[in-house]
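> Handing you this structure, nothing more for now.
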Amino acid sequence: MRVPASSDASSCMSSPLGSNSNNVEVFASFKAVSEGYASTTERRFCSSCGSSIFSTIESMPGLAFLKAGTIKDKSWIEPTVEIWTGSAQPSAPHFENAVRFESIPS
């Protein structure tokens, strides 16, 4: 799957979506040790404009976290999990049927 970038992809508040990592085309990337996950996170981004596209976490093989702002047609997205709700702003909306985790699920 090729994920087209859109104008709202560069937000630091972007919402990641989980997907099968075998379906995602590789872009430019860098790896960093993730404190919370106790493993390495590889962040992939558009090599032309620098927009963050998706990330993979070594300790969660087969899963890619897509930046929701990179998807033009969001009508098919139905969030099922919310992570880091413990540090969310009070005004942040919640998804009605989503399971909520205050931090990283164990």
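> Note down the net charge around ALA98, summing +1 for each Lys or Arg and -1 for each Asp or Glu among other residues with Cβ under 10 Å from its Cβ.
Taking every other residue near ALA98 into account, the sum is -2.
> Further question on the same structure: Would you mind calculating the gained length between CYS49 and ILE77 on full extension (0.36 nm times residue separation, minus the Cα-Cα distance), in nm to one decimal?
Result: 7.6 nm gained on full extension.
Read-outs throughout are calculated quantities, based only on the coordinates presented, and are distinct from any laboratory measurement. All of these numbers come straight from a predicted model, not from anything done at the bench. Ideal geometry is used to build each Cβ from the backbone, glycine not excepted, and the neighbour counts take in all protein chains shown.
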